[in-house]
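What follows is a set of notes on a single structure, which appears directly below.
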There are 2 protein chains.
Amino acid sequence: MKSRLFALVTMLFLGIATLSAQQNLWRKEPLKSPEIHADMSVTIRLYAPNAESVTLVGDFVDNVAMVRNEEGVWEYTTAPLASELYCYWFNVDGIDHVNDPANSYVMRDVGSQMNYFIIPGERGDLYAAQNVPHGTMAKVWAEVSDGRERRMTIYTPAGYESGKGRYPVLYLLHGMGGDEDAWAATGRVAEIMDNLIAAGKAEPMIVVMTNGCTQHVSAPGFSHEGMWRPYMSGSMDGSFEAMFPSIVEWVDGHYRTKAKRAYRAIAGLSMGGFHSMQISKEYPTMFDYVGLYSAAIFRGKEGVATYDNLEEKLDRQFNEGMKLYWIAIGKDDFLYDENVRFRELLDSMGYPYTYRESEGGHVWRNWRIYLGEYAQMLFK
Amino acid sequence: MKSRLFALVTMLFLGIATLSAQQNLWRKEPLKSPEIHADMSVTIRLYAPNAESVTLVGDFVDNVAMVRNEEGVWEYTTAPLASELYCYWFNVDGIDHVNDPANSYVMRDVGSQMNYFIIPGERGDLYAAQNVPHGTMAKVWAEVSDGRERRMTIYTPAGYESGKGRYPVLYLLHGMGGDEDAWAATGRVAEIMDNLIAAGKAEPMIVVMTNGCTQHVSAPGFSHEGMWRPYMSGSMDGSFEAMFPSIVEWVDGHYRTKAKRAYRAIAGLSMGGFHSMQISKEYPTMFDYVGLYSAAIFRGKEGVATYDNLEEKLDRQFNEGMKLYWIAIGKDDFLYDENVRFRELLDSMGYPYTYRESEGGHVWRNWRIYLGEYAQMLFK
């Protein structure tokens, strides 16, 4: 590698004009993958001259066989795709996860890196950076009530740093296997919020992305806990709920927030939806907006006091009143049935909520859609 | 994929205790790769049951053949490795860049994702997150003198957000093909600075990582310019030098800096070393510390006024005086000779500088080493 890299760097210093020629030296096939065509079909390519079988795995195909051309490039072209953000990888001769070396864009979901691309259009444009004012994304450390410094991702909207105004706050929680990086990367928070705010569809707000796996203080690799392989961890034992007020206190103490319930929202996906339900009922005067996305409603650890007396605590919360209690889930979500049960419970108590049922299952595609919709309903 | 993911998520909700059993379902071989042994040798593994040839490519091996075991796992075990951060990928049957699916850790260098691991010890520990107070890493947008908003990465040291003090600033510049993400990710800035500051070896400082490719306003994917494949771009046409004062002005206007030359340093690698040399001589009262890491000294575009009259401008700069002019390069660097020429020029004029010659070439390993050394010399 050393000599090849050395030669490459040397040659490239001769000038950018010769770049395409150098790319031919660097990679015999200057592959374009993915290639998005005018009709929004997409060709994905992999140079694998000696492979016997290459399949494409993704959230827009069901493990399809790719076809080898005479130069050793395997190709697959989709039908025209709807505007979306799509993820994929390859299976090559039984290696069950090969990333696309021609595509520099990856997002980590739990332990795996997935390549992605965006099909432009209404939804894809919401997930792509546009020519609008951009907010700041920061990785910060906050000491919370258990005495440990914990890492969070905080989005501040365009204008925050130059101005003096105070802003409402959305607390946005991840699911099992996630961490404070999940919403920021896979959830496209900066892009969604920048674009909605610039279009006047959402109020400028701070978005705080916490780490709800209390056994760790950060995403893997960013703390003294080391570089473990991310796994489907979670904490549904009351520990996250217990420290949440100190997180809110830290944010109110370090950012120019409007520190009142009318200007606080909470939402989360899966385990984060569970956390949002639990936290908002434990602290019934903390939030005026609650969002449960594909929430794991009834999954709390048994014997944990936080999770006892649900109906009594919901009663207290709904008697306090709030502006929005929003429940969203896909028709194919494996948590669909327990969300039906939860809505039946709310109905039986006469509590008002808004229900949003989408297509699809327990997937990031839905959680991005839900964030895009929920953010537009806040603080108005 | 959908049904497999669905089943996985469902099963995992049954509890974390069954995780290892689920991993066996998810990936037939619950591979550990890389595995760092007690003697600091490392075994790297890839499950590739039908491959005919798998080689390991990295900065610690020279494209070595891996060996297949009877379960279809290809393995390679290194000799004991010195403490360092190491990068690698695979070549599988002619596919020239396969990332390790068992290793979630990647860093992007220009257009390619490389897996990495860290061997503990003095140097590796400097590049790994430790149990010390952590600074903040933020992706911010600043309007600069060309009227465009441009993206930067800014590190603020632990205590900045909770305190009121003012801090010195290091401006840290990337090379060709880099961007505002390069030093932050591949350069391990947060880890190096957190660890040096906690050990009392470096002064608490703000580190500003700019984007020196002025044809773009951000790293790929973070602006309206879209998701191009990163390439060996650069700008050595005077445009970055011209906008630099407005960057410094923006930083001084938005952060609690000590806005004097005694509290400002600049350094950069390769093209960024060139930029550091040019900027510090164009604005001879801006910086008291200048660091050239593997600098591309004589590579400016011809006919650009910024690059004219080098000796006259150096004369002005050195007559103004500064605390440190630090030149570092590896013995095998392809820019070694022009750094010799530059030092001869400085010697002939009688200008004081400090020279650091290392092993190795034009590689990130050296640039991390140089940052670790340079940061300890600043603002004391």
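The values are calculated or read from the model by the stated rules, or taken from the named source; none is laboratory data. Predicted model only: the values in this text are computed from it and were never measured. Cβ placement follows ideal geometry from the backbone for every residue including glycine, while neighbour counts extend to all protein chains displayed.
Residue by residue, here is whether (1) closer than 16 Å to A:G238 by Cα; (2) assigned by TED's automatic domain parsing to the domain that holds A:F240; (3) out of contact with any Phe, Trp or Tyr (no Cβ under 7 Å at 6 or more places or on another chain) holds:
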| site | (1), (2), (3) |
| --- | --- |
| A:E282 | yes, yes, yes |
| A:G300 | yes, yes, no |
| A:L310 | yes, yes, yes |
| A:G330 | no, yes, yes |
| A:F342 | no, yes, yes |
| A:S348 | no, yes, yes |
| A:S358 | no, yes, yes |
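Yes or no, residue by residue, for (1) aromatic (F, W, Y); (2) in the same structural domain as B:V169 (by TED's automatic domain parsing); (3) part of a loop (DSSP other than H, G, I, E, B):
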{"site": "B:C213", "(1), (2), (3)": "no, yes, yes"}
{"site": "B:W228", "(1), (2), (3)": "yes, yes, yes"}
{"site": "B:M236", "(1), (2), (3)": "no, yes, yes"}
{"site": "B:V248", "(1), (2), (3)": "no, yes, no"}
Among the residues of the stretch B:250-262, count how many are within 14 Å of chain A (Cβ to nearest Cβ), outside any helix (DSSP H, G or I) and of a type in the set (D, E, K, R). 1
Filter result (in contact with a strand residue (DSSP E or B) (Cβ under 6 Å, 6 or more places away or on another chain) and within 16 Å of A:D288 (Cα to Cα)) within the stretch A:243-267: A:T257, A:R264, A:A265, A:I266, A:A267
So for the stretch B:168-184 (the condition being aromatic (F, W, Y) and within 15 Å of B:F240 (Cα to Cα)), does at least one residue qualify? yes
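Residues checked against (1) surrounded by 13 or more Cβ atoms within 10 Å (Cβ to Cβ); (2) not basic (K, R):
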| position | (1), (2) |
| --- | --- |
| A:F334 | yes, yes |
| A:R343 | yes, no |
| A:P352 | no, yes |
| A:S358 | yes, yes |
| A:Q376 | yes, yes |
Hey, any hits in the stretch B:66-73 for a residue that's in contact with a Leu (Cβ under 6 Å, 6 or more places away or on another chain), within 12 Å of another protein chain (Cβ to nearest Cβ) and over 23 Å from A:Y231 (Cβ atoms)? no
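List the strands (runs of 3 or more DSSP E) that sit entirely inside the stretch A:263-380 and contain at least 3 residues that are over 16 Å from the mean Cα position of the chain (by Cα).
Details: elements: A:264-269, A:289-293, A:324-330, A:354-358.
Hits in the stretch A:263-380: A:324-330, A:354-358.
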Residue tally, condition surrounded by fewer than 20 Cβ atoms within 10 Å (Cβ to Cβ) and facing another protein chain (nearest Cβ under 9 Å), over the stretch B:80-95: 1
From (1) out of contact with any strand residue (DSSP E or B) (no Cβ under 8 Å at 6 or more places or on another chain); (2) closer than 28 Å to A:M193 by Cα; (3) assigned to a helix (DSSP H, G or I); (4) not aromatic (F, W, Y), pick out the condition that doesn't hold for B:I192. (2)
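Matching residues to (1) touching a strand residue (DSSP E or B) at 6+ places or on another chain (Cβ under 9 Å); (2) surrounded by fewer than 23 Cβ atoms within 10 Å (Cβ to Cβ); (3) free of Cβ contacts under 8 Å to residues at least 12 places away in the same chain; (4) closer than 20 Å to A:A184 by Cβ:
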| residue | (1), (2), (3), (4) |
| --- | --- |
| A:Y231 | no, yes, no, yes |
| A:E241 | no, no, no, no |
| A:L269 | yes, no, no, yes |
| A:E282 | no, yes, no, no |
| A:E302 | no, yes, yes, no |
| A:T306 | no, yes, no, no |
Selected residue (criterion: surrounded by the most Cβ atoms within 10 Å (Cβ to Cβ)) from residues of the stretch A:97-111 that are under 23 Å from A:G177 (Cα atoms) and facing another protein chain (nearest Cβ under 7 Å): A:V98
Go through (1) over 13 Å from the mean Cα position of the chain (by Cα); (2) within 12 Å of another protein chain (Cβ to nearest Cβ) one by one and return the number of the condition A:S246 breaks. (2)
Check the stretch A:165-175 and report whether any residue there is surrounded by 15 or more Cβ atoms within 10 Å (Cβ to Cβ) and within 10 Å of another protein chain (Cβ to nearest Cβ). yes
Tally the residues that are more than 12 Å from chain A (Cβ to nearest Cβ), of a type in the set (A, V, I, L, M, F, W, C) and closer than 30 Å to A:Y116 by Cβ, restricting the search to the stretch B:199-243. 3
Just to be sure before I move on: is A:E143 surrounded by fewer than 16 Cβ atoms within 10 Å (Cβ to Cβ) and either under 29 Å from A:Y255 (Cα atoms) or within 9 Å of another protein chain (Cβ to nearest Cβ) (or both) in the structure I sent? yes
Can you tell me which condition A:Y160 does not meet? The list is (1) part of a loop (DSSP other than H, G, I, E, B); (2) surrounded by fewer than 19 Cβ atoms within 10 Å (Cβ to Cβ); (3) at negative phi, and all the others hold. (2)
Counting only residues that are β-branched (V, I, T) and in contact with an Asp or Glu (Cβ under 7 Å, 6 or more places away or on another chain), which one in the stretch B:290-315 is nearest to the other protein chains (Cβ to nearest Cβ)? B:I297
Taking B:L172 and the conditions (1) in a loop (DSSP other than H, G, I, E, B); (2) under 18 Å from B:A295 (Cα atoms), which numbered condition does it fall short on, given that it satisfies the others? (1)
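Please verify whether A:E161 is of a type in the set (D, E), over 14 Å from the mean Cα position of the chain (by Cα) and under 24 Å from A:W228 (Cα atoms), treating the condition exactly as stated.
In short, no.
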Checking the condition modelled with pLDDT under 95, within 20 Å of A:A138 (Cβ to Cβ) and among the hydroxyl-bearing types (S, T, Y), which residue from B:S112, B:S162 passes? B:S162
Being modelled with pLDDT of 95 or more, surrounded by fewer than 18 Cβ atoms within 10 Å (Cβ to Cβ) and hydrophobic (A, V, I, L, M, F, W, C): is that true of A:A65 here? yes
Within the bounds of the stretch A:254-262, is there any residue that is crowded, with 23+ Cβ neighbours inside 10 Å, of a type outside the set (S, T, Y) and modelled with pLDDT of 95 or more? no
